[in-house]
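First up is the structure itself, then whatever we jot down about it.
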Amino acid sequence: MPWHTDLRVVTVLLGISAAVALAAPGPGRASGPGTPTLDGPTCPTIDCTPGPPRTTTGGAEARKPLPLVSPEPGQPVVATTPSHWTGSRVTMTGLRIEGIVKLPTADGTVTTLKFKLDRAVTDDLLLDAPAPAGRMLHLRTSELTLDGNVAFYATRFVGKLLDNKITLAPDLPLPDGIPLASAVSITVTEPAIDMVSVGSDTLTARSTLKLTSN
């Protein structure tokens with residue numbers, strides 16, 4: 001299947017609104033994964049396991065629930081069942097966790113976390129997406145880049161940050177050491193994302209996407 005057809009399939013499966021391109025083969029990104037730097041304390045010095053909100057001595061919540069935000073104008077209907085997005089790592093630049101969004105489905109809504117980014121690069125991408133008649137579609141590529149006005153809507157985001165497992169979900173408080181916004185790139189290894197919808201200005205695959213189904 002031609003590469004541009006493969007990418008159109010991705011946009012259909014995940015409701016992606018993006019221009020698509022094929023990156024020329026070449027060496028890995030010059031930036032590399034690096035060691036992520038976070039604003040404030042980082043996971044190796046504190047407990048990254050999600051738990052109930054803690055309070056200060058004055059009784060104020062140290063970790064407030066994420067805000068409920070409205071969908072973007074013109075938000076299309078999304079699938080009730082998320083697609084499963086995994087890889088060896090995802091490097092996120094300009095990350096902002098904006099809050100909890102209820103996206104419209106054919107028969108109601110699905111509650112998601114909204115992540116805004118300037119850029120997201122997933123290495124060794126495997127996308128498992130539900131298809132009609134109980135089938136599953138599986139797409140693979142060595143590297144997928146979303147660039148410009150990137151928005152992730154996920155029901156769950158699991159991965160390792162500095163070798164500490166983190167779990168982000170609408171029904172969980174934000175773990176210690178996870179900033180609501182970061183000006184530096186953050187690399188999460190072994191990401192497993194239950195993705196409802198994705199948007200970006202451009203979508204680039206380093207190699208041809210391989211599509212299979214069962």
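The values are calculated or read from the model by the stated rules, or taken from the named source; none is laboratory data. Source: prediction; values computed, not measured. Cβ coordinates were reconstructed from backbone atoms using ideal geometry, including for glycine residues, and neighbour counts include every protein chain displayed. Quick note on the areas: whole protein, heavy atoms, side chains included, nothing else; ligands and nucleic acids left out. Shrake-Rupley method; radii C 1.70, N 1.55, O 1.52, S 1.80 Å.
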**Item:** Which of GLU190, GLU98, GLU143 is most accessible, then next, and so on - probe 1.4 Å
**Value:** GLU190, GLU98, GLU143
**Request:** Rounded to whole Hz and in sequence order, give me ³J(HN,Hα) for the stretch 99-104 from the Karplus expression 6.51 cos²θ - 1.76 cosθ + 1.60, θ = phi - 60°, writing x for Gly and Pro.
**Result:** x, 9, 10, 9, 8, x
**Prompt:** Which three semi-axes in whole Å describe the equivalent ellipsoid of the stretch 125-172, each the square root of 5 times a Cα gyration tensor eigenvalue, listed largest first?
**Reply:** 23, 17, 14
**Prompt:** Mind listing the phi-derived Karplus ³J(HN,Hα) values for the stretch 197-205, rounded to whole Hz, using 6.51, -1.76 and 1.60 with θ = phi - 60°, and x for any glycine or proline?
**Reply:** 7, 9, x, 6, 6, 9, 10, 10, 9
**Message:** From the protein chains alone at 1.4 Å, what is the descending order of accessible area for HIS138, HIS84, largest first?
**Reply:** HIS84, HIS138
**Prompt:** Where does the charge balance sit around PRO71 when Lys and Arg score +1, Asp and Glu -1, over other residues with C-beta under 13 Å from its C-beta?
**Reply:** 0
**Fill in**
Averaged over all viewing directions, the convex hull of the alpha carbons in the stretch 78-214 casts a projected area in nm² of 8.4 nm²
**Item:** Residue-wise HN-Hα coupling along the stretch 115-125, computed from phi with Karplus coefficients 6.51, -1.76, 1.60 (Hz; x: Gly, Pro)
**Value:** 10, 10, 9, 7, 7, 9, 10, 10, 8, 6, 5
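Just check the stretch 57-149 against the gyration tensor rule for me: Cα atoms, a ≥ b ≥ c as the square roots of the eigenvalues, rounded for a/c under 1.5, and otherwise prolate or oblate depending on whether a/b exceeds b/c.
Oblate.
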**Asked** How do LYS116, LYS165 rank by accessible surface area computed with a 1.4 Å probe, from largest to smallest?
**Response** LYS165, LYS116
**Prompt:** Short version: what are the Cα gyration tensor semi-axes of the stretch 135-214, square root of 5 times each eigenvalue, largest first, in whole Å?
**Reply:** 25, 16, 13
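May I ask for the net charge around LYS160, where only other residues with Cβ less than 10 Å from the Cβ of LYS160 are counted and Lys, Arg are +1 while Asp, Glu are -1? Present the calculation step by step, with values, prior to reporting the outcome.
On the way: positive: ARG89, LYS165; negative: ASP163, GLU190.
Net of charged neighbours comes to 0.
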**Formal net charge of residues neighbouring LEU113 (Cβ-Cβ distance under 12 Å; K, R +1; D, E -1)** = +2
